[in-house]
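Presented below is the structure to which this report refers.
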Amino acid sequence: MSRQQKLIGLSLGGALFLCLFVGIYLFALKRHSKQGPSARIIKHSVETPADEALKYWTPDKMRNAKPAKMPNVDAIEREKKSPRRPPHPSRPSDD
């Protein structure tokens, strides 16, 4: 085996080892970054008309209102996919 072939073999082996090491590191990092179940946001439908809500929230009630507890968002979760855009309507042909 010539010197150049040994060098190529070592380079290829080193590159494979490096890729394997990086893959294991990323797998372990992702596995340990999950810290248990997070609080989910629940969506409820409201059947009360908007006019009643406007009547309820008087200026005095707004002044005395306490802020709602907001969810703690520290980490970005990549589980959700972005919504798909609807297809563009086809253009009429110029027949």
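The values are calculated or read from the model by the stated rules, or taken from the named source; none is laboratory data. The structure presented is a predicted model; accordingly, all values stated were derived computationally and were not measured. All Cβ positions, even for glycine, are placed from backbone atoms using ideal geometry, and neighbour counts span all protein chains on display.
Looking at the stretch 29-53, which of its residues are at pLDDT 85 or above and surrounded by 10 or more Cβ atoms within 10 Å (Cβ to Cβ)? Residue satisfying the conditions is 53 alone. When residue 10 is tested against (1) surrounded by 10 or more Cβ atoms within 10 Å (Cβ to Cβ); (2) modelled with pLDDT of 85 or more; (3) not acidic (Asp, Glu), only condition (2) is not met.
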